[in-house]
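A.B. asks: Please see the structure below; I have some questions.
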Amino acid sequence: MSKLMRTLPVLAAAALVLSACVETNPVEPTDPSTGGSGETGTDGDGGDSADMPPAPAGLEDIYDQQVMWEECGDRYECTDVEVPLDYDAPDGETITIAVKRLGATGGDPMGSILVNPGGPGGSGIEFVEYVTSSMSPEIYQNYDVVGFDPRGVQNSTPLDCVSDAELDRVISADYADTDAGEAEWTTDATAIGEGCEELSGELAGNMDTVSAARDMDVIRAVLDESEFDYLGFSYGTFLGSTYADLFPENVGHMVLDGALDPTSTSFDMNLGQAGGFEGAFMAYIEDCLAGSLCPLSDTPDEAAEQIVDLLDDALANPLPTGDSDRPLTQSLAFTGMIVTMYDEASWPMLTAALTEAMTLGTGASLLELADIYNVRNSDGTFGDNSTEANWAINCMDYPAAEYTQEELDDQVAQLEEVAPHFGQFFGGSNDELCLNFPFQSEREPGEVTAEGSDPIIVIGTTGDPATPYEWSVGLADQLENGILVSYDGEGHTAYGRSNDCVQSAVDQYFLEDVVPEDELSC
């Protein structure tokens, strides 16, 4: 067989993947009586109702719902918004979307900015709590900043597919490139799908991004906003562009940072990330070799093969970690490496972890990094359901395809071409999981145009491993009013972690309605 190691789709882009390891700067609490979005209670602080877009037919009650906001920490308010489980059956079962709002700290708000950190499966409820680590103070001083957990995610009506113990086993497993490995993977993939259906029912089949985007328009209406201001990172760009294509007339200021290309298939995503992470690894290796603490040696290509050798050794003989029940498998080792590629500030963590593994033969540091990525607690529980949500959202967004052996061989060749060192570790795709999922995607990848929308800023980072720069270029080209801003640098996404050029372009758009020049280079 020429099929490569199966990797569950945990390599999806996430905006704050190492947030657990870095110091954050939460918003300083202020007196709730000064500024912000008003007193706790029913909403009604937005725009003139005469300017509000009409509710879609059959959804009038959903759009007109009154919600109760409750205090949920200093300066924050929370509520639940009711939405249809299935928009094709608006009078049927409903689910809830958890929403959290930081009132404008400087006084009377200019409006609301909805934010999404990516994933898919990332929590906007958590993200809004750390908004100061990614947003300029002038933004949250003048806007209410609103986070939400998309349908099926964590604080909203949550998806459940497997027990924590089973999830722990699956994300740690190495599926060998053998008939036995193929059978093991098929068994696990089938069990995941069956578990999603058994534990979550029809929710698993309604986790698609189109439905989540329609939920966002309900949130807009609940906030009494006639237009929709939005800041989305990573997968959040796909959510945002989908919204813009569905409701172009409702788009206000929209910024999409680290874009997904809506024309991509599941394999296109895999191929793009393989090339992106290959580039990030090589940039890291060159930086490491230039320092005095690097455990790697010789040329960059030879150093890359030293990392590959370490991963191969972990497949044959998982490294001890200090926990006899949790040796470092190849899958966990690669995840621990991948997580540090999202931000070059994390590269020293990888250097320390590689030094431990290559000199001591132990994998405790790489295991710790993998646990951060997987949101695994020390007691074996998981801090959220992002992995399960990721599985379901991807399966409902990307039609699963069965490939002939010739097609699989061609995919292997493509992966090895764009990623000669690390492409072999991107051999699995969503197709393998989603073929065994009880619900099948009805979406066909294609261009989004958002015809008639206000300008939409798309930010691409030239060295972004998780959402390669070309994807941002592609999305900006597709959008009728797309404005491309390019950041020349390493890491995933740009706003809040790059330079004054990017920061100013975004801030001026939100605060002063100044549209940056198209193809601005930062």
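A.B. asks: Can you check how the C-alpha radius of gyration of the range 207-327 compares to 2.2 N^0.38 Å, as a plain ratio?
C.D. replies: 1.61
A.B. asks: Next up: Hey, can you rank 151-161, 459-469 by average C-beta count inside 10 Å, highest first?
C.D. replies: Per-residue Cβ counts within 10 Å, averaged per peptide and sorted highest first, yield 459-469, 151-161.
A.B. asks: Quick one: P(r) of the range 57-159 from all Cα-Cα pairs, 10 Å bins, percents rounded to integers, in order of increasing distance.
C.D. replies: Binned Cα distances yield the sequence 15, 42, 31, 10, 1.
A.B. asks: As a check on your grasp of the helix formula, calculate [θ] at 222 nm for the chain: sum -39500 (n - 2.57) over DSSP H runs of n ≥ 4, divide by the residue count, round to the nearest 500.
C.D. replies: Result for the chain, helices only: -11500 deg cm²/dmol.
A.B. asks: Regarding the range 141-254, what whole-number volume in Å³ per residue does the convex hull of its Cα atoms give?
C.D. replies: Convex hull of Cα atoms, per residue: 149 Å³.
A.B. asks: Compute the semi-axes of the equivalent ellipsoid of the chain, taking the square root of 5 times each eigenvalue of the Cα gyration tensor, and list them largest first in whole Å. Write down the numbers at each step before the final one.
C.D. replies: Working: eigenvalues 275, 132, 98 Å².
Its equivalent ellipsoid spans semi-axes of 37, 26, 22 Å.
A.B. asks: Report, to two decimal places, the Cα Rg of the range 439-515 normalised by 2.2 N^0.38 Å (N = number of residues).
C.D. replies: Here the Cα radius of gyration is 1.23 times the empirical estimate.
A.B. asks: Compare the peptides 318-327, 264-273, 292-301 by average per-residue count of other Cβ atoms within 10 angstrom and give them in order, highest first.
C.D. replies: 264-273, 318-327, 292-301
No value in this document is a laboratory result; all are computed from the given coordinates. Just so we're clear, the structure is a prediction, and the values are computed from it rather than from any experiment. Every residue, glycine among them, receives a Cβ derived from its backbone with ideal geometry; neighbour counts consider all protein chains shown.
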